[in-house]
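The values are calculated or read from the model by the stated rules, or taken from the named source; none is laboratory data. Since this is a predicted model, take the numbers as computed values, not measurements. All Cβ positions, glycine included, derive from the backbone under ideal geometry; neighbour counts span all protein chains shown. Surface areas here come from the heavy atoms of the whole protein model, side chains and all, with no ligands, DNA or RNA. Shrake-Rupley method; radii C 1.70, N 1.55, O 1.52, S 1.80 Å.
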Amino acid sequence: MDFSLTAEQKQIKEMVSEFVDEEIKPVADEIDATDEFPSELIEEMGELGLMGMPFPEEYGGAGLDYHSYAIGLSEISRGSGGLGTVVAAHTSLAGNMLYAFGDEHQKETYLTPLAEGTDVGAFALSEAGAGSDVPAMETTATKDGDEYIIEGGKLWISNGSVADTVTLFAKTDPDAGTDGISSFVVRPEEDDGFYVEGTEHKLGDKGCPTAELRFSDLRIPADRRIGAEGDGFVQALKTLNGGRITIAARGVGIAQAALDAALEYAEQREQFDQPISEFQSIQHKLADMDTKVSAARMLMHKAADRKIRGESFIKEAAQAKLYASEVSREVANEGIQIHGGYGYTKDFPAERFYRDAKLNEIYEGTSEILRNTIARQLLE
């Protein structure tokens with residue numbers, strides 16, 4: 001096992017880290033305060049190749065391996081948890097759906113502008129009554145000649161109100177259970193019947209709009225279906241499995257930010273005529289925080305390694321996402337404790353890290369669902 005980064009991976013880390021420190025961190029608090037989608041930053045990230053990191057250059061991507069992608073996303077999340085979600089939903093979900101299951105025309109037409117960063121992508125799966133229970137979805141797609149008519153709605157859709165391309169899941173055979181779910185490409189600006197009902201006011205994850213969508217007599221050409229009818233459920237599971245590696249990366253990035261801030265504060269803050277970093281209780285907190293971040297990062301890379309090798313990574317992705325999610329919350333919590341009263345105010349970013357971290361335990365597979373997944377893999 002080689003735990004060192006390649007020259008290319010080091011270069012990616014340095015490049016993204018520099019961009020984060022110079023362009024994202026200075027405006028992170030403003031993004032958090034306004035909750036506005038940072039379109040100019042997204043354009044800059046597209047120009048740097050950060051919106052299509054794992055996709056081949058032939059489709060406008062950067063052609064990076066999954067280790068580099070995870071490193072890049074963790075660095076972006078170190079600067080802003082909301083931006084980390086924007087990139088993860090755009091790339092790991094919407095983009096990967098098209099790359100893994102789309103035909104050549106769909107890749108050239110829809111994936112390329114996503115990978116180049118000129119379009120923004122969203123992944124519309126969840127509904128009010130169908131979160132973890134995907135087969136409970138009620139959105140339907142009815143074949144009508146050379147078109148499908150889509151009726152229904154989606155909830156909790158990251159990038160949903162700003163997306164140019166949406167990969168959408170609907171039932172083409174409502175009586176067939178998981179075998180009756182299919183997926184489609186929807187273009188909100190082109191397709192009549194696509195409505196944004198509003199966006200959520202969230203605890204954290206600011207800058208990434210989480211939208212409620214509605215579809216009424218939404219007609220799309222039949223060639224917008226991704227794969228065969230009935231393939232949607234399996235496509236969704238496979239896509240979410242890969243996406244869990246990048247949510248682990250988001251957790252690692254937020255935890256690293258919380259650790260960095262706590263370490264800096266502990267060295268500067270003085271009590272009883274000495275920096276609080278001199279107190280053993282603070283040192284132990286910092287030691288535990290660093291150890292947890294390191295362990296989460298290794299689980300992230302283990303899952304990425306198995307994906308790159310073409311091996312099954314269901315359990316590894318679930319473990320990485322589960323552990324990094326909980327570690328990000330725990331480390332952010334300790335960061336607030338080290339900051340004391342200041343950590344509970346907006347004078348320091350410690351409280352933002354905590355709010356951003358909590359989401360990791362909920363989306364793209366709750367911690368409870370992930371424990372079920374890991375247990376099933378063990379028992380099988």
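Results for (1) open to solvent by 20 Å² or more (accessible area, probe 1.4 Å); (2) under 15 Å from Phe169 (Cα atoms), shown as yes or no for each residue.
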| residue | (1), (2) |
| --- | --- |
| Gly204 | no, no |
| Cys208 | no, no |
| Asp217 | yes, no |
| Gly227 | yes, yes |
| Gly230 | no, yes |
| Val234 | yes, yes |
| Thr239 | no, yes |
| Ile247 | no, no |
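Of the conditions (1) surrounded by 24 or more Cβ atoms within 10 Å (Cβ to Cβ); (2) in contact (Cβ under 8 Å) with a residue 60 or more places away in the chain; (3) under 19 Å from Glu190 (Cβ atoms), Phe55 fails just one. Which one is it? Just one mismatch for Phe55, condition (3). I'd like to know if segment 214-224 contains one or more residues that are assigned to a loop (DSSP other than H, G, I, E, B) and either polar (S, T, N, Q) or at pLDDT 95 or above (or both). Scanning segment 214-224 turns up no residue that is assigned to a loop (DSSP other than H, G, I, E, B) and either polar (S, T, N, Q) or at pLDDT 95 or above (or both).
Which of the residues that make up segment 108-138 are open to solvent by 30 Å² or more (accessible area, probe 1.4 Å) and without any contact (Cβ under 8 Å) to a residue 12 or more places away in the chain? Across segment 108-138, the qualifying residues are Thr109, Gly129, Asp133, Ala136. In segment 187-199, the qualifying residues are those that are buried (at least 17 other Cβ atoms within 10 Å of the Cβ) and under 24 Å from the mean Cα position of the chain (by Cα), and the one that is farthest from Pro38 (Cα to Cα) is Phe194.
Applying the condition of being over 20 Å from Gly117 (Cα atoms) and touching a helix residue (DSSP H, G or I) at 6+ places or on another chain (Cβ under 7 Å) to segment 9-28 and asking which residue is most open to solvent (accessible area, probe 1.4 Å) yields Lys25. Would you confirm whether any residue within segment 360-377 is closer than 24 Å to Gly79 by Cβ and among the basic types (Lys, Arg)? Among the residues of segment 360-377, not one is closer than 24 Å to Gly79 by Cβ and among the basic types (Lys, Arg), which makes the answer no.
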